[in-house]
Amino acid sequence: MYIDAVTVQHAVLGMTPPEFFQLAGHPLRWQLLAELAKSDRTVHELTGLVGEAQNLVSYHLGKLREAGLVSTRRSSADGRDAYYAADLTRISELLSATAGALHPGLCCTPPSGGSDRPATVRVLFLCTGNSARSQMAEALTRERSGGAVQASSAGSNPKPLHPNAIRVMRDEHGIDLADHQSKHLSVFADERFDWVISLCDRVREVCPEFPGDPETIHWSIPDPAAGQADDEASYPAFQHTAAELETRIGFLLAVLTNGTPVA
């Protein structure tokens with residue numbers, strides 16, 4: 001029996017094109033996906049953005065979560081809240097498979113970093129300690145953008161760079177962080193950035209306003225060092241964090257280097 005490649009891809013993704021269209025094409029669900037594609041959000045924030053009741057928003061978020069299009073995790077700043085995030089990789093794969101099912105020439109390529117665009121974009125990454133997440137995000141953005149994006153990082157309560165941040169970036173991403181220094185976010189208080197991206201829930205609560213009205217988004221990423229007895233035990237968490245940052249930054253760079261508006 002002949003099985004075409006598109007059929008195999010649908011089996012792997014667990015959803016056929018009509019199912020994906022039916023799920024994501026609902027007006028409210030599409031609106032929720034659009035908001036979550038920009039920034040991780042709590043249910044309370046989403047209800048305000050889409051102008052619908054919380055029970056209705058929660059219902060549709062549940063549908064999106066069941067399909068693996070969004071994920072959720074408890075806030076590290078307030079355990080009563082949960083942050084929802086869009087799985088842009090899965091959505092990209094489903095969109096590509098759906099286009100390919102209609103016509104092979106419509107298949108799209110997932111976003112990737114790098115561009116010949118001459119204008120330099122300034123991005124500031126923030127977390128609490130500036131010891132891991134924001135440092136890795138800064139380094140990945142600089143490296144993957146090929147100089148098109150000028151990235152910086154800082155923290156609300158700086159700590160020395162974590163050894164595992166240095167290790168995972170060196171051994172698995174080919175980037176040397178050994179000379180990086182942690183900085184307080186006040187260092188950049190008077191500087192202008194195009195984008196300010198908070199990477200932990202706590203720093204989001206204390207993030208100051210920066211000059212020039214930069215685009216502000218939030219990625220709710222757990223502290224890879226939290227709750228671990230030693231560096232060796234926490235290393236897999238650092239691997240996971242670096243991989244998540246690499247994915248998110250790939251999609252971010254598709255926006256920053258191609259001039260595609262977020263909203």
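The values are calculated or read from the model by the stated rules, or taken from the named source; none is laboratory data. Everything numeric here is computed off the predicted structure, so don't read it as measured data. Heads up, the Cβs are rebuilt from the backbone with ideal geometry, glycines too, and the neighbour counts pull from every protein chain shown. Ligands, DNA and RNA are stripped out before the accessible areas are found, and what is left, the full protein with its side chains, is counted by its heavy atoms. Shrake-Rupley method; radii C 1.70, N 1.55, O 1.52, S 1.80 Å.
Using θ = phi - 60° and the Karplus relation 6.51 cos²θ - 1.76 cosθ + 1.60, list the HN-Hα couplings for segment 159-166 in order, rounded to whole Hz, with x at every Gly or Pro.
Working through the residues one at a time gives 10, x, 4, 6, x, 6, 5, 5 Hz.
Give, as ranges by residue number, the residues of segment 231-257 whose backbone N falls under 19 Å from the point 7 Å along Cα→Cβ of Arg73.
Once the point is set 7 Å along Cα→Cβ of Arg73, 231-252 turn out to lie under 19 Å by backbone N, inside segment 231-257.
For segment 23-86, report the accessible area per residue in Å² (1.4 Å probe, heavy atoms, rounded to an integer). Mind showing how you got there, number by number?
Values: 3130 Å² over 64 residues.
That works out to 49 Å² per residue.
Among the aspartates and glutamates, select those whose C-alpha is under 15 Å from the C-alpha of Lys183, and discard any that sit fewer than 8 residues away in the same chain.
Within the straight-line cut-off, Lys183 pairs with Glu138, Glu191.
Which value, in Å², gives the accessible area per residue of segment 120-263 when a 1.4 Å probe is used on the protein heavy atoms?
Solvent-accessible surface per residue comes out at 44 Å².
Just read off the accessible area of Trp219 with the full protein assembly in place, 1.4 Å probe, to the nearest 10 Å².
It works out to around 10 Å².
Report, to the nearest whole %, how much of the accessible area of segment 15-163 belongs to carbon and sulfur atoms, 1.4 Å probe, protein only. Show your work: numbers first, answer last.
On the way: 3670 of 7020 Å².
Answer for segment 15-163: carbon and sulfur cover 52 percent of the accessible area.
Need the C-alpha centroid separation for segment 141-163 versus segment 21-91, integer Å.
So the separation of the two Cα centres works out to 28 Å.
Stretch Phe21-Thr89 to full length: gain in nm at 0.36 nm per residue minus the Cα-Cα span?
Details: separation 68, 0.36 × 68 = 24.48 nm, distance 1.68 nm.
Computed gain between Phe21 and Thr89 is 22.8 nm.
Run the accessible area of segment 201-263 with a 1.4 Å probe and give the carbon-and-sulfur part as a rounded percent. Show your work: numbers first, answer last.
Values: 1540 of 3160 Å².
Looking at segment 201-263 in its full context, I get 49 percent from C and S.
Evaluate the distance, in nm, between pseudo-label points positioned 7 Å from the Cα of Asp230 and of Asn157 along their respective Cα→Cβ axes.
With each label point 7 Å from Cα toward Cβ, the separation is 2.6 nm.
Under the definition of Cα pairs under 8 Å and six or more residues apart, what whole-number percent is the relative contact order of the chain? Each step should come with its number before you reach the end.
Working: 435 pairs, mean separation 47.9, N = 263.
It rounds to 18 percent for the chain.
For segment 183-263, with the dipole built from +1 on Lys and Arg beta-carbon atoms and -1 on Asp and Glu ones, taken about the Cα centre, which of Ser220, Leu252, Pro208 lies farthest toward the positive end?
The one lying farthest along the dipole's positive direction is Leu252.
Would you grab the residues whose amide H sits under 5 Å from the one on Thr216? Only those 5+ places off in sequence or on another chain, please, with H modelled 1.01 Å from N.
Under 5 Å from the amide H of Thr216: Val196.
Can you work out ³J(HN,Hα) from phi for every residue in segment 232-248, in order, using Karplus 6.51 cos²θ - 1.76 cosθ + 1.60 and θ = phi - 60°, giving whole Hz and x for Gly and Pro?
My calculation for segment 232-248 gives 5, 5, 8, 4, x, 5, 5, 4, 5, 5, 4, 5, 5, 5, 4, 5, 4 Hz in order.
Size of the dipole of the chain about the Cα centre, Lys and Arg at +1 and Asp and Glu at -1 on the beta carbon, nothing else charged, in debye to 20?
Working: 22 positive and 32 negative charges, 52 e Å.
Computed charge dipole of the chain: roughly 240 debye.
Need one number: nm distance between label points at Arg192 and Thr120, each 7 Å from Cα along Cα→Cβ, rounded to one decimal.
1.4 nm
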